[in-house]
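Nothing in this text is a laboratory measurement; each read-out follows from the coordinates by a stated rule. Note that this is a predicted model, so its numbers are computed, not measured. Note: ideal-geometry Cβ built from the backbone for every residue, glycine included; neighbour counts use all protein chains shown.
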Amino acid sequence: MDIFICEDDQQQKEKITNYIKNYIMIEQLDMRITLSTDNPDEIIDYLKSNKVTGLYFLDVDLKHEKSGIVLGAEIRKYDARGSIVFVTTHSELTYLTFLYKVEALDYIIKDDFTDLQQRVIDCMVTANERHLSGSDEAKKRFHIKNGDKVISEDYDNILFFETSSKLHKIIMHTDSRQVEFYGKLKEIEEFNSGFYRCHNSFVVNIENISAIDKKTREITMVNGEVCYSSARFLKGLQKAWEKQ
């Protein structure tokens with residue numbers, strides 16, 4: 001899960017960023033801080049170019065022509081399932097979330113009585129639970145336990161798996177990251193009907209293939225990455241790809 005922070009108070013931004021980083025590290029969560037910024041346009045630009053389900057911590061009163069609540073409404077256009085948390089000193093502005101039809105996960109008030117760290121952590125826990133199992137869409141995900149960490153990825157984002165140079169390890173290639181974990185390719189191909197064993201060292205997601213070169217047996221993925229098919233798997237792969 002991608003986490004975004006938009007806060008114009010540098011001290012507050014660093015504080016929230018550190019709370020999140022520390023909790024991810026301690027709990028070994030499959031989350032990352034993708035952007036921590038004071039500029040709301042940076043978040044929208046990122047969402048325009050990347051398909052994500054995010055967790056957003058937004059300051060309501062940004063020193064920008066765009067308020068945090070307006071930013072939240074824009075985020076909804078690109079990330080309908082994302083979790084939005086508003087952080088502010090202005091409790092009286094909560095009604096604006098209804099006015100702009102922004103469904104908020106939480107509304108954290110920045111004052112001496114609020115345990116900011118605990119509220120941020122609570123939001124992370126809730127958002128992560130929803131992300132892993134909260135909807136039919138979320139169930140269409142690849143989940144695997146790697147030590148104390150659960151790796152979770154949309155099937156649509158997965159390009160291919162390859163054996164690692166490290167014994168008993170596999171590398172998952174997605175459109176935004178590579179993740180190494182313990183496993184067997186034989187088990188991987190059984191996870192999803194779209195996963196096809198095309199080589200002793202590769203299992204490919206046929207839905208993300210853009211081209212297959214029969215001469216070189218190169219498989220080009222939608223993002224330009226390349227993996228390979230062996231001669232004995234090539235015909236079956238071509239047939240499966242053309243069928244889907």
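The per residue volume of the convex hull around the alpha-carbon atoms of the chain is 137 Å³. In the range 21-79, the ratio of gyration radius to Kirkwood radius, Rg to Rh, stands at 1.00 when only Cα atoms are counted.
Each peptide in 40-51, 177-188 was scored by the mean count of other Cβ atoms within 10 Å over its residues; highest first, the order is 40-51, 177-188.
Helix 116-133 and the longest principal axis of the C-alpha atoms of the chain enclose an angle of approximately 30°. A straight line joining the Cα centroids of the range 7-23 and the range 183-244 runs 42 Å.
Per Stokes-Einstein, at 10 °C and 1.306 mPa s, what whole-number D in µm² s⁻¹ belongs to the range 139-244, with the Kirkwood radius over Cα pairs as the hydrodynamic radius?
My calculation gives 115 µm²/s for D.
Helix 40-49 and the longest principal axis of the Cα set of the chain meet at an angle near 20°. Mean residue ellipticity, 222 nm, helices only, the chain: the sum of -39500 (n - 2.57) across DSSP H runs of n ≥ 4, divided by residue count and rounded to 500, is -10000 deg cm²/dmol. Subtracting the Cα-Cα distance of ASN22 and SER201 from 0.36 nm times their residue separation leaves 60.9 nm of extension gain.
Are any of the pairs LYS51/LYS169; LYS21/LYS166; LYS77/LYS239; LYS21/LYS77; LYS77/LYS169 more than 30 Å apart by Cα-Cα distance, and if so, which? Going by Cα-Cα distance, LYS77/LYS239; LYS77/LYS169 fall outside the 30 Å limit. Fully extending the segment from LYS214 to SER176 would add 11.0 nm, taking 0.36 nm per residue of separation and subtracting the current Cα-Cα distance.
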